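Inspection log for the structure reproduced underneath, given as structure tokens.
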Amino acid sequence: MSTTSQTQNLTLVQAVRDGLYTEMSADEDVIVMGEDVGKNGGVFRATEGLWEEFGDDRVIDTPLAESGIVGTAVGMAAYGLKPVPEMQFSGFMYPAFDQIVSHVARLRNRSRGRFTCPMVIRAPYGGGIRAPEHHSESKEAFYAHEAGLKVVIPSTPHDTKGLLISAIRDPDPVIFLEPKLIYRAFRGDVPEAEYTVPIGEAVTRREGSDVSVFTYGAMSRPTMEAAEELAEEGVDCEVIDLRTISPLDRDAIISSFKKTGRAVVVNEAPKTGSIAAEITAIVQEEALLYQEAPVKRVSGFDVPYPLYALEDYYLPNAARIKEGIMETVEF
Amino acid sequence: MSVLERDPGDLVQVLDEDGTVVGDEPDLDDATILDIYRDMVLARHFDQRAVSLQRQGRMGTYPPLSGQEGAQIASAHALDEQDWMFPSYREHGAAVVRGLPLKQTLLYWMGHEEGNAVAEDANIFPVAVPIATQLLHATGAAWGASIKGDTDKAFMCYFGDGATSEGDFHEALNFAGVFDTPNVFFCNNNQWAISVPRERQTASRTLAQKAEAYGFEGVQVDGMDPLAVYAVTRKAIEKAKSEEPPAAGRRPTLIEAVQYRFGAHTTADDPTVYRDDEEVQRWKAKDPIPRLENYCRNHGLLDDESVAAVRSEVETRVADAIDAAESEPRPLPGEMFESVYNELPEHLAAQAAEIESLREIYGDEVFFEH
Ligand SMILES: Cc1ncc(C[n+]2csc(CCOP(=O)(O)OP(=O)(O)O)c2C)c(N)n1
Ligand SMILES: [Mg+2]
């Protein structure tokens, strides 16, 4: 990671914009495309000012068609551009799903390396902002299930810029999911210069010895809150922010688990078939003999994401996370 | 010759901007014209109240319809009782004409699961937020009716100009053309898909002309002229229910209703970023409500007194609906688990119990503290 003395205090969504700006300035093959990304600067302002700066050929308002956006990006990427398509909300990615799983993920493999798809598909995801129906889901597991894709979910402004730059430079396609609940929830120091945060590396947000709590995205905040509250009650949590959910940082997961022997996974996705299940399997496969308690999943429920009046019950909060941790600790 | 048999670029108009008759008036009785007028005023007032509820934090994000009443209300009035309607997310006006209580629309945008419930006797599909997805459902339902030999129903589908860019639009119209389904595809071309102008969606001269490629009629109508909208929609509905066998008479139609969204895309949108006020003002001159009001006054159907009576009637209706929606108790978490499957599976019952036990330990406050 390169360092610089110049930093800015940015929100997470501003860090997205800064990462795009930085890479677009450095590499003219990088282009942004999507619905309302141009003059409007994105419905969350993630591309604000880029159209004015880089023009219509590099910041492209497309017709309203996700399959069209991603499918044409496949051709562009194979032809040598580095497209960064935006899906306006992850809930509206499904028209592009065929392109993503049948082609984006597999072009390298299907052409035996002749063609590749170096693109970053960005999408805001997750709940908690009182949004309308279909705007709040966390379906990252769909993409993690697909070989050939990397799936990144940052939780701080600093990581956002560094991971986004890594993703754009990555020779393989990256699904870059942005936790919109914390788009503007807080600010953090972000270097003005370019720097990278490596894909596939988790980070320890809090060291502890009693229990390992794995999380990512917007759930990092209530998880840290729960850990701090429990510290006062004498429970020492280690909190690991995964940052990339595919490929998972197996070493970080295993070594923390070997230290504590107990694990809780916190995510807002529906419980069944989620990344939490994958983490549970990893500790079973790699560290069974260290295990002192069942792995606990604190997650969303296996229901369609509710309309917003009920979303506070759906999303894990600090109280629910504490309960989960205590169940594991007291086992 | 049917009003549908024309060049898709030849805009159908009955009223000019002042409400003067410039085209063939549809066959409409006075009572229906007044109903259309009242429902447009109702939709406009509802819309203004909804936007202010959102501003006051009493409702979530809301998509306003002002400017689009002419298209919504007149087309919905052209439907017969047994017909079906497949809305997008902006058809609050058409929905109320078709029997969905305003309270339901309010509850939906207030984030209550109950807001999605449709009364048994209302042939309305739930709101479709994912763009263009409802088009296929409308084609499928209409196709189903054909298969079952039900020839007395038309299937109306509403969608925007932006929706015509999605693959689902193509697939829905293509199936409809191939299988002669009794559909009316009603495109609310309000010039904008959030910040993206109509010209960015397609290089076609009109949206209506796309029908030609699917093998059926497409017609462009002044969507801010309620009488023109009624005339065109009614003909398309009659065609969908034609006594003649499918390919000969019973066929789908694409209607492009040219209009304008006066306000923001949703309350989360700031249209000043992407369009000029001068453009907005130009379209406001075509406002469907004063246009029909002038027509009615000129024909002795309305005067100051009856206009005021309509106004106060709709104000009361909207106020009552807001009261009713706001007096609904906060929904309970158990509602999340309802209607997921025919029967509640064991693992869901366990999850529902988990949240209940947390509520018992911590109370509801911990869920709402941030
Ligand atoms: C599949 C899908 N993609 C994106 C969105 C986000 N979105 C909501 S409304 C909208 C614009 C729709 O424009 P149009 O079809 O013209 O309808 P209007 O809103 O103008 O009535 C977009 C892009 C969505 N809801 N669904
Ligand atoms: Mg539109």
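The values are calculated or read from the model by the stated rules, or taken from the named source; none is laboratory data. No experiment lies behind these values; they were computed from the predicted model shown. All Cβ positions, even for glycine, are placed from backbone atoms using ideal geometry, and neighbour counts span all protein chains on display. Note: areas computed on protein heavy atoms with side chains; ligands, DNA, RNA excluded. Shrake-Rupley method; radii C 1.70, N 1.55, O 1.52, S 1.80 Å.
Can you list the helices (runs of 4 or more DSSP H) found entirely within region A:227-315 that contain at least 3 residues being within 18 Å of A:Thr204 (Cβ to Cβ) and in contact with an Asp or Glu (Cβ under 7 Å, 6 or more places away or on another chain)? Full working, then the answer.
Working: elements: A:250-260, A:275-287, A:311-314.
Qualifying helices (runs of 4 or more DSSP H): A:250-260.
State all residues of region A:33-46 that are farther than 18 Å from A:Lys180 by Cβ and within 19 Å of the chain's Cα centre (by Cα); if no residue qualifies, say none. Break it down into steps so the answer makes sense when it comes.
Within region A:33-46, the first condition is being farther than 18 Å from A:Lys180 by Cβ, and the residues that meet it are A:33, A:38-39.
Those that are farther than 18 Å from A:Lys180 by Cβ and within 19 Å of the chain's Cα centre (by Cα): none in region A:33-46.
Run down B:Tyr341, B:Tyr274 and say which single residue is aromatic (Phe, Trp, Tyr) and in contact with a Phe, Trp or Tyr (Cβ under 9 Å, 6 or more places away or on another chain).
Exactly one of B:Tyr341, B:Tyr274 is aromatic (Phe, Trp, Tyr) and in contact with a Phe, Trp or Tyr (Cβ under 9 Å, 6 or more places away or on another chain), namely B:Tyr274.
Scanning region B:147-168 for residues that are aliphatic (A, V, I, L, M) and outside any helix (DSSP H, G or I), which turns out farthest from ligand 2 (Cβ to nearest atom)?
Applying the filter and picking the extreme gives B:Ala154.
Can you report the number of residues in region B:121-145 which are hydroxyl-bearing (Ser, Thr, Tyr) and open to solvent by 30 Å² or more (accessible area, probe 1.4 Å)? Steps first, answer last, please.
In the first step, residues of region B:121-145 are kept if they are hydroxyl-bearing (Ser, Thr, Tyr); the result is B:133, B:139.
If we keep only those that are open to solvent by 30 Å² or more (accessible area, probe 1.4 Å) too, we end up with B:133.
Here the count works out to 1.
Kindly check whether there is at least one residue in region B:257-270 that is surrounded by fewer than 20 Cβ atoms within 10 Å (Cβ to Cβ), on the phi < 0 side of the Ramachandran plot, over 19 Å from the mean Cα position of the chain (by Cα) and part of a helix (DSSP H, G or I).
no
Kindly list, by first and then second residue, each pair from a residue in region B:179-191 that is assigned by TED's automatic domain parsing to the domain that holds B:His92 and at positive phi to a residue that is more than 9 Å from ligand 1 (Cβ to nearest atom) and open to solvent by less than 10 Å² (accessible area, probe 1.4 Å), limited to pairs with Cβ atoms under 8 Å and residues at least 6 apart or on different chains.
B:Asp180/B:Pro252; B:Gln191/B:Gln259; B:Gln191/B:Tyr260
Just one of B:Ala321, B:Ala325 is within 14 Å of chain A (Cβ to nearest Cβ) and surrounded by 15 or more Cβ atoms within 10 Å (Cβ to Cβ); which is it?
Details: B:Ala321 fails: within 14 Å of chain A (Cβ to nearest Cβ).
B:Ala325 is the lone residue from the list that is within 14 Å of chain A (Cβ to nearest Cβ) and surrounded by 15 or more Cβ atoms within 10 Å (Cβ to Cβ).
Looking at region A:137-150, is at least one residue open to solvent by 10 Å² or more (accessible area, probe 1.4 Å), basic (Lys, Arg) and within 13 Å of chain B (Cβ to nearest Cβ)?
Looking for residues that are open to solvent by 10 Å² or more (accessible area, probe 1.4 Å), basic (Lys, Arg) and within 13 Å of chain B (Cβ to nearest Cβ), one finds none in region A:137-150, hence no.
If I filter region A:246-269 down to residues being touching a residue at least 60 places away in the same chain (Cβ under 8 Å) and in contact with a Lys or Arg (Cβ under 9 Å, 6 or more places away or on another chain), which single residue comes out as most open to solvent (accessible area, probe 1.4 Å)?
Filtering first and then ranking leaves A:Pro247.
Take the conditions within 20 Å of the chain's Cα centre (by Cα) and among the small types (Gly, Ala, Ser) and apply them to B:Ala213. Does it pass? If you could, list the steps in order and put the result at the bottom.
Details: within 20 Å of the chain's Cα centre (by Cα): no; among the small types (Gly, Ala, Ser): yes.
Taking the combined requirement at face value, the residue does not satisfy it.
I need the full set of residues from region A:66-92 which are part of a helix (DSSP H, G or I), of a type in the set (Gly, Ala, Ser) and either open to solvent by 10 Å² or more (accessible area, probe 1.4 Å) or within 16 Å of ligand 1 (Cβ to nearest atom) (or both), in order please.
Within region A:66-92, A:Ser67, A:Gly68, A:Gly71, A:Ala73, A:Gly75, A:Ala78, A:Ser90, A:Gly91 qualify.
Return yes when A:Pro95 is within 14 Å of ligand 1 (Cβ to nearest atom), in contact with a helix residue (DSSP H, G or I) (Cβ under 7 Å, 6 or more places away or on another chain), assigned to a helix (DSSP H, G or I) and open to solvent by 40 Å² or more (accessible area, probe 1.4 Å) and no when it is not.
Working: within 14 Å of ligand 1 (Cβ to nearest atom): yes; in contact with a helix residue (DSSP H, G or I) (Cβ under 7 Å, 6 or more places away or on another chain): yes; assigned to a helix (DSSP H, G or I): yes; open to solvent by 40 Å² or more (accessible area, probe 1.4 Å): yes.
Here the answer is yes, as A:Pro95 does meet what is asked.
So in region B:192-206, with the set limited to residues that are free of Cβ contacts under 8 Å to residues at least 60 places away in the same chain and charged (D, E, K, R), which one is nearest to ligand 1 (Cβ to nearest atom)?
Only one residue fits best here, namely B:Arg198.
Taking the stated definitions as given, is B:Asn183 at pLDDT 95 or above, away from ligand 2 (no atom under 16 Å from the Cβ) and open to solvent by less than 10 Å² (accessible area, probe 1.4 Å)?
Details: at pLDDT 95 or above: yes; away from ligand 2 (no atom under 16 Å from the Cβ): yes; open to solvent by less than 10 Å² (accessible area, probe 1.4 Å): yes.
The answer is yes for B:Asn183.
Taking B:Glu171 and the conditions (1) away from ligand 2 (no atom under 16 Å from the Cβ); (2) free of Cβ contacts under 8 Å to residues at least 40 places away in the same chain; (3) under 18 Å from the mean Cα position of the chain (by Cα), which numbered condition does it fall short on, given that it satisfies the others?
Checking B:Glu171 against (1) away from ligand 2 (no atom under 16 Å from the Cβ); (2) free of Cβ contacts under 8 Å to residues at least 40 places away in the same chain; (3) under 18 Å from the mean Cα position of the chain (by Cα), the one that fails is (3).
Taking the conditions exactly as written (aliphatic (A, V, I, L, M), away from chain A (no Cβ under 14 Å), away from ligand 1 (no atom under 11 Å from the Cβ) and not in a helix (DSSP H, G or I)), does B:Ala122 satisfy them or not?
Yes, satisfied.
Taking the condition of being within 7 Å of another protein chain (Cβ to nearest Cβ) and part of a loop (DSSP other than H, G, I, E, B), how many residues in region B:328-362 meet it? So that I can check it myself, show each step before the final result.
We begin by selecting, within region B:328-362, every residue within 7 Å of another protein chain (Cβ to nearest Cβ); these are B:330-331, B:333, B:335-337, B:340, B:347-348, B:351, B:355, B:358, B:362.
Now drop any that are not part of a loop (DSSP other than H, G, I, E, B), which leaves B:330-331, B:340.
Number of matching residues: 3.
Does any residue of region B:75-93 turn out to be open to solvent by less than 10 Å² (accessible area, probe 1.4 Å) and over 14 Å from the mean Cα position of the chain (by Cα)?
yes
Mind listing just one residue for me: the one in region A:105-117 that is at negative phi and either in contact with a helix residue (DSSP H, G or I) (Cβ under 6 Å, 6 or more places away or on another chain) or open to solvent by 80 Å² or more (accessible area, probe 1.4 Å) (or both) and, of those, farthest from the other protein chains (Cβ to nearest Cβ)? Lay out the reasoning, then the answer.
Residues of region A:105-117 that are at negative phi, as a first pass: A:105-111, A:114-117.
Add one more test, that the residue is either in contact with a helix residue (DSSP H, G or I) (Cβ under 6 Å, 6 or more places away or on another chain) or open to solvent by 80 Å² or more (accessible area, probe 1.4 Å) (or both), and what stays is A:106, A:108-110, A:114-117.
Values: A:Arg106: 20, A:Arg108: 25, A:Asn109: 25, A:Arg110: 22, A:Arg114: 28, A:Phe115: 23, A:Thr116: 25, A:Cys117: 20 Å.
Among those that are at negative phi and either in contact with a helix residue (DSSP H, G or I) (Cβ under 6 Å, 6 or more places away or on another chain) or open to solvent by 80 Å² or more (accessible area, probe 1.4 Å) (or both), it is A:Arg114.
Checking A:His158 against (1) open to solvent by less than 30 Å² (accessible area, probe 1.4 Å); (2) outside any loop (DSSP other than H, G, I, E, B), which single condition isn't satisfied?
(1)
Would you point out the residue of region B:196-207, among those that are in contact with a strand residue (DSSP E or B) (Cβ under 7 Å, 6 or more places away or on another chain) and open to solvent by less than 30 Å² (accessible area, probe 1.4 Å), that is farthest from ligand 2 (Cβ to nearest atom)?
First pass over region B:196-207, keeping only residues in contact with a strand residue (DSSP E or B) (Cβ under 7 Å, 6 or more places away or on another chain): B:196, B:198, B:200-201, B:206-207.
From the residues that got through so far, the ones that are open to solvent by less than 30 Å² (accessible area, probe 1.4 Å) too are B:196, B:198, B:201, B:206-207.
On the way: B:Val196: 9, B:Arg198: 7, B:Gln201: 9, B:Thr206: 15, B:Leu207: 10 Å.
Restricting to residues being in contact with a strand residue (DSSP E or B) (Cβ under 7 Å, 6 or more places away or on another chain) and open to solvent by less than 30 Å² (accessible area, probe 1.4 Å), the top hit is B:Thr206.
I want to confirm something. Restricting to region A:281-296 and keeping residues that are within 22 Å of B:Ser357 (Cβ to Cβ) and surrounded by fewer than 23 Cβ atoms within 10 Å (Cβ to Cβ), which single residue is nearest to the chain's Cα centre (by Cα)?
Within region A:281-296, the first condition is being within 22 Å of B:Ser357 (Cβ to Cβ), and the residues that meet it are A:293-296.
Within this subset, residues satisfying the condition of being surrounded by fewer than 23 Cβ atoms within 10 Å (Cβ to Cβ) are A:293-295.
Values: A:Ala293: 28, A:Pro294: 26, A:Val295: 22 Å.
Per the criteria, the residue is A:Val295.
Among what's in region A:306-324 and is within 18 Å of A:Ala276 (Cα to Cα) and more than 7 Å from chain B (Cβ to nearest Cβ), pick the residue that is most open to solvent (accessible area, probe 1.4 Å). Full working, then the answer.
Restricting attention to region A:306-324, the residues satisfying the condition of being within 18 Å of A:Ala276 (Cα to Cα) are A:314-318, A:320-324.
Keeping just the survivors that are more than 7 Å from chain B (Cβ to nearest Cβ) gives A:315-316, A:318, A:321-322, A:324.
Details: A:Leu315: 13, A:Pro316: 5, A:Ala318: 10, A:Ile321: 0, A:Lys322: 34, A:Gly324: 2 Å².
The selected residue is A:Lys322.
Looking at (1) in contact with a Cys (Cβ under 8 Å, 6 or more places away or on another chain); (2) at pLDDT below 95, which is the one condition that is false for B:Asp121?
(1)
Which is touching a strand residue (DSSP E or B) at 6+ places or on another chain (Cβ under 7 Å) and acidic (Asp, Glu), of B:Glu91, B:Glu120, B:Glu113? First the steps, then the outcome.
On the way: B:Glu120 fails: touching a strand residue (DSSP E or B) at 6+ places or on another chain (Cβ under 7 Å); B:Glu113 fails: touching a strand residue (DSSP E or B) at 6+ places or on another chain (Cβ under 7 Å).
Step by step, each of B:Glu91, B:Glu120, B:Glu113 is checked, and only B:Glu91 is touching a strand residue (DSSP E or B) at 6+ places or on another chain (Cβ under 7 Å) and acidic (Asp, Glu).
Against the definition (more than 16 Å from ligand 2 (Cβ to nearest atom), among the acidic types (Asp, Glu) and away from chain A (no Cβ under 14 Å)), how does B:Glu315 come out, yes or no?
Yes, satisfied.
Tell me whether region B:230-251 contains one or more residues that are open to solvent by 20 Å² or more (accessible area, probe 1.4 Å) and within 15 Å of ligand 2 (Cβ to nearest atom).
no
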